[in-house]
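Remarks on the structure that follows.
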Amino acid sequence: MKVESVKPYGEGSGKREQVEAMFDNIAPTYDTLNHRLSWNIDRYWRNKAIKALAKAEPRKILDIATGTGDFAILLAQRLKAEHVRATDISEGMMQIGREKVARLGLEDTIAFEYADSTALPYGDEQFDAVTSTFGVRNFQDLEQGLREMHRVMRKGGTLCILELSTPVSFPMKQLFTIYRRCVLPLYGKLISNDSHAYSYLCKSIEAFPQGEVMLGILAKAGFREAAFRRLTFGICTMYVAKKAQPPSNYQ
């Protein structure tokens, strides 16, 4: 089963439309659920991604599928980025992000914009880094989304992706499967009042390409020096890649 075929509400409208509706529905409870269901370990994962990006010192950053803007805020605060474009297809999620940014006084640094990951409204080579945390599995078309990320990135720029994944070793693989299939959907339904959202989360994790398979997809999209690191026994995976610099004698 391809990740593009997994939809929150089954057949009917396309994946992008269903994902947009789902996140609008769960936006008010998203942050609470996100932190509780991961035991706040998601904060640790984001910090790892910030450290991976810090070496490149990016000044202009695009954060795709930004949700409520947690990672965009970290990019502005920790990396001292000059400008962060934070895009998503859920206005409900971004509105919460805008409120966070306003409270922190970061409106001059972070700008939220509605954007489809498969057709980004930016010119070629605009950003020093492109990031996405827990969002690429929701793309309507994963390969096209990665090609767009590559297109808008400057040569020598850095890609950083965090995505939930399935542990590969016993017993964590078996324990996480039980937690993902039983606890996540039930608790998510109780808090968010959307019986489909967290069932979709589980299915989308299972369908998403992992490890070496994902590296192959990144290479096909044009990225180089791609590497991955499993975090917290493989519950999350971080992917980092580069857009190749032209040869030194390039004219």
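A few remarks follow.
- Global geometry of segment 38-150, whether rounded, prolate or oblate, following the gyration tensor of its Cα atoms and the 1.5 cut on a/c: rounded
- The amide H of Val6, built 1.01 Å from its N in the peptide plane, has no neighbour under 5 Å, considering only residues 5 or more places off or on other chains.
- Dipole check for the chain: with +1 at the C-beta of Lys and Arg, -1 at the C-beta of Asp and Glu, and the Cα centre as origin, the magnitude is about 1000 Debye.
- Acute angle (nearest 10 degrees) that the helix 15-37 long axis makes with the longest principal axis of the chain, alpha-carbon atoms: 80
- Mean separation of Cα contacts under 8 Å, 6 or more apart, over the residue count of the chain: relative contact order %: 21
- In this Cβ point-charge picture (+1 for Lys and Arg, -1 for Asp and Glu), segment 79-158 has a dipole of about 260 debye about its Cα centre.
- Principal-axis analysis of the Cα atoms of the chain puts helix 91-104 at an angle of about 60° to the longest axis.
- Converting phi to 3J(HN,Hα) with the Karplus coefficients 6.51, -1.76 and 1.60 and the offset θ = phi - 60°, segment 150-167 yields 5, 4, 7, 8, 5, 4, x, x, 10, 9, 9, 10, 10, 8, 5, 8, 9, x Hz in sequence order, with x at every glycine or proline.
- On Cα atoms only, tilt of 211-220 relative to the major axis of the chain in degrees: 40
- Protection proxy ranking, peptides 232-238, 132-138, average beta carbon neighbours within 10 Å, highest first: 132-138, 232-238
- Near Arg85: Cβ cut-off under 12 Å, other residues only, Lys/Arg at +1 and Asp/Glu at -1. The net charge is -4.
- Between Asn47 and Glu91, the contour length at 0.36 nm per residue exceeds the alpha carbon distance by 13.3 nm.
- Computed with a 1.4 Å probe over protein heavy atoms only, the accessible surface of segment 68-206 comes to 42 Å² per residue.
- Each Cα pair under 8 Å and six or more residues apart adds its sequence gap; the mean of these over the residue count of segment 82-187 is a relative contact order of 23 percent.
- Expected 222 nm ellipticity per residue - DSSP helices of 4 or more, -39500 (n - 2.57), all of the chain, to 500: -13500 deg cm²/dmol
- At R0 = 35 Å, FRET efficiency that the Cβ-Cβ distance of Lys155 and Glu99 yields, to 0.05: 0.45
- Calculated FRET efficiency, Lys60 to Arg36, Cβ-Cβ distance, R0 = 30 Å: about 0.35 to the nearest 0.05.
- Shown for segment 82-152: the carbon plus sulfur share of the solvent-accessible area, taken with all protein chains present and a 1.4 angstrom probe, equals 44%.
- Ala129 long-range amide H proximity, modeled H, under 5 Å: Lys60, Leu62, Thr158
The values are calculated or read from the model by the stated rules, or taken from the named source; none is laboratory data. Please read all numbers here as calculations on a predicted model, not as lab measurements. In this analysis, Cβ positions are derived from the backbone assuming ideal geometry, glycine residues included, and neighbour counts consider all displayed protein chains. Ligands, DNA and RNA are excluded from the accessible area calculation, which covers all protein heavy atoms including side chains. Shrake-Rupley method; radii C 1.70, N 1.55, O 1.52, S 1.80 Å.
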